[in-house]
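Only the coordinates and a few stated rules stand behind these numbers; no lab work does. These figures come from a predicted structure and were not determined experimentally. Positions of Cβ are generated from backbone atoms using ideal geometry, with glycine treated the same way; all protein chains shown enter the neighbour counts.
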Amino acid sequence: MQALELNSGLQYRQDKPIPAVCGDEALIRVKLAGICATDLELVKGYAGFSGIIGHEFVGLVEAVGQEKHRHWLNKRVVGSINIGCGDCEDCQSDGPEHCSNRKVLGIRGHDGAFADYLRLPVGNLFLVPDQVPDEEAVFTEPLAAAVRVLKQLAPLPVKPVAVIGPGRLGLLIAKVLGLAGYDVEVLGRSANSLTLPKHWQLKAELILNVPANHYDYVVDASGQASGFSQALRIAKPRGTVVLKSTFAASEPLDLSKVVVGELHILGSRCGPFDEALVLLQQGNVPVTTMVDGRYSLKDGEVALRRAAQPGVRKILLQP
């Protein structure tokens, strides 16, 4: 099969074996996959991953490892990305997201979605509603991550929230928070980057126009160390900064304000796929307006370079 493999550099391969499935696993033929900031960081060396990258996908189940899972055959699915051991206390109580022995699709110890086929446990699969087309379903994973931010902020007093980064993930976070009733402002580095947030009926402003110590709650979805530095700058003393970016920082970060301002730093990662699919089914998040290009797998290296360009949001891969 075709695949984009990371192994001392990114390579397009046509000789990778189709994954064999057994037990509770399913074989999924990938229909569409999305490139995200984490994929771009993996290519730079983040997490030291080797293998097939990619974790945002929609596909069709073509085989299952056990007869009892036959009802999944020919179903259109998306899949959560964490694969836990199933036996530890974390897996038993909270799920696989923080299992110390977990594998993560296309990120840690498990080949991913930038290929003709992938394999996942059937417990990771979610059925895509008929009303949700592939071009929207492929956004399920990042939209679920946006919902996770909402859940983490829900117990806290509702106040204005700044979202730094009007890109792929920042837009989804801002829209989810806005739909939930939060007063949200999207902050970017250029006027052009704020055009789509405004089209999504979100308040938007240049980050450099925001004074220091201005927000009680700041979400950094910039994907850059400079975005995190700006988040610290505009956060009020005793405020909360939600760090949603994964980046391989090459320069030291000044964290003195975390101490002096007694800031709360809240990490945020994966979220609920079922709730993300409901949002897509309701049609209130115009995800397809973020698509800036679609490429075949054989042009995957070009596609990742395009996705890394400033101002480009979602690039899709189609096997």
Whole-number D in µm²/s for region 1-120 (Stokes-Einstein; Kirkwood sum over Cα pairs; 37 °C, 0.692 mPa s): 221
Compute the long axis of helix 225-234 from its Cα atoms, compare it with the longest principal axis of the Cα atoms of the chain, and write down the angle in degrees, 0 to 90, nearest 10. 40
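So what is the 222 nm mean residue ellipticity for the chain from helices alone, if each DSSP H run of at least 4 adds -39500 (n - 2.57) and you divide by all residues, rounding to the nearest 500 deg cm²/dmol?
Mean residue ellipticity at 222 nm (helix-derived): -7000 deg cm²/dmol.
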Counting other C-beta atoms within 10 Å, which of 22, 88 has the fewest, and how do the rest follow? 22, 88
If 140, 195 are placed from fewest to most neighbouring beta carbons inside 10 Å, the sequence is 195, 140
Can you pull the one-decimal nm distance between simple spin-label points at residue 158 and residue 198, each 7 Å off the Cα toward Cβ? 2.7
From the cross-link list 198/314; 31/175; 44/244; 31/151; 44/103; 44/298, the entries with a Cα-Cα span beyond 28 Å are 31/151
How would 314, 159 line up from fewest to most surrounding beta-carbon atoms within 10 angstrom? 159, 314
Partners for residue 257 among aspartates and glutamates (Cα-Cα distance below 15 Å; same-chain residues under 8 apart left out): 216
For residue 23, what is the net charge nearby, where nearby means another residue's Cβ is under 12 Å from its Cβ and Lys, Arg count +1, Asp, Glu -1? -1
Quick calc, the chain, dipole around Cα centre from Cβ unit charges on Lys, Arg (+) and Asp, Glu (-), nearest 20 debye, gives 600
Between 20, 307, 174, find the one with the highest GNM mean-square fluctuation for the chain; connect C-alpha pairs within less than 10 Å. 20
Which label in (1) 19.4, 61; (2) 27.6, 113; (3) 21.0, 69 gives the computed Rg and Dmax of the Cα atoms in Å: (1)
The chain: angle of helix 273-282 to the longest principal axis, Cα-based, in degrees nearest 10: 80
